[in-house]
1. I'm told Glu164 meets every condition in (1) at positive phi; (2) touching a Phe, Trp or Tyr at 6+ places or on another chain (Cβ under 9 Å); (3) of a type outside the set (Phe, Trp, Tyr); (4) without any contact (Cβ under 8 Å) to a residue 60 or more places away in the chain except one. Can you identify the failing condition by its number?
2. Can you name the residue in region 146-179 that is touching a Gly at 6+ places or on another chain (Cβ under 6 Å) and of a type in the set (Val, Ile, Thr) and is also nearest to Phe101 (Cα to Cα) among such residues?
3. Can you tell which of Phe160, Phe172 is in a helix (DSSP H, G or I), buried (at least 18 other Cβ atoms within 10 Å of the Cβ) and touching a Pro at 6+ places or on another chain (Cβ under 7 Å)?
4. For region 1-46: of the residues being charged (D, E, K, R) and part of a helix (DSSP H, G or I), which is surrounded by the fewest Cβ atoms within 10 Å (Cβ to Cβ)?
5. Just one of the numbered conditions (1) touching a residue at least 12 places away in the same chain (Cβ under 8 Å); (2) among the hydroxyl-bearing types (Ser, Thr, Tyr); (3) surrounded by fewer than 15 Cβ atoms within 10 Å (Cβ to Cβ) is not true of Tyr139; which one?
Amino acid sequence: MKQSELIKRMTDKQVKQQLLLSQLFFLLLSIALSVFLFSNLSDWLLYFNFHINQIVFYGLLPAIILVAFELILVLFIPAHHLDDGGINEKVFKNQSIFSIFIIALVVAISEEFLFRGVIQTTFGYVFASSLFVLVHFRYLKKPVLLTLIILTSFIIGYLFKVTENLLVTIVFHFIVDFLLGIAIKYKK
């Protein structure tokens, strides 16, 4: 059975539950890997710096620019090229703004902890960004979506490489997911 057919059979609640379970797995995996890959768990604290200028300049502003770019693309690219099998619509379409906020926050934290906080710090920028793309496998057969996830992944990885600040990448990831979730909710 194709993934899109499976998604259509699932309720919005079931899709949201599966998403949150996958994010819990990422969070637990990042904690477990940290135990083995970091000499000291307090090394995590080195990657959390509340520098508001850095967070705004490297996290917030690039995220808004990327979302604006993606929303402009929607105007020029046929919808079937942007269809991820209905997953994003099932996750965001019938949610409240608060639920979209929570979903985006959970995804941003869990994925950035794993991909930037553990994998990139241990194995490097290219490996972490490439693995992030592979985890989003539903985009692999959609050239436009694949290009966007590659761009997004390498931007996030680069932002972490430049700042070494997980708050920057979490803010970036959160803003992108939150604003695109809102756009999906209100899409006509």
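1. Going through the list (1) at positive phi; (2) touching a Phe, Trp or Tyr at 6+ places or on another chain (Cβ under 9 Å); (3) of a type outside the set (Phe, Trp, Tyr); (4) without any contact (Cβ under 8 Å) to a residue 60 or more places away in the chain, Glu164 breaks only (4).
2. Among those residues, the one meeting the criterion is Val171.
3. One residue alone meets the criteria, Phe172.
4. For region 1-46, the residue satisfying everything is Arg9.
5. Of (1) touching a residue at least 12 places away in the same chain (Cβ under 8 Å); (2) among the hydroxyl-bearing types (Ser, Thr, Tyr); (3) surrounded by fewer than 15 Cβ atoms within 10 Å (Cβ to Cβ), only one is false for Tyr139: (3).
Conditions tested, residue by residue: (1) over 26 Å from Leu24 (Cβ atoms); (2) among the hydroxyl-bearing types (Ser, Thr, Tyr).
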position	(1), (2)
Leu61	yes, no
Phe98	no, no
Phe115	no, no
Thr121	no, yes
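Each value in this text was obtained by applying a stated rule to the coordinates, not by laboratory testing. Bear in mind that the values here come from a model prediction, so they are computed numbers and not experimental data. So basically every Cβ, Gly included, is an ideal-geometry build from the backbone, and we count neighbours across all protein chains shown.
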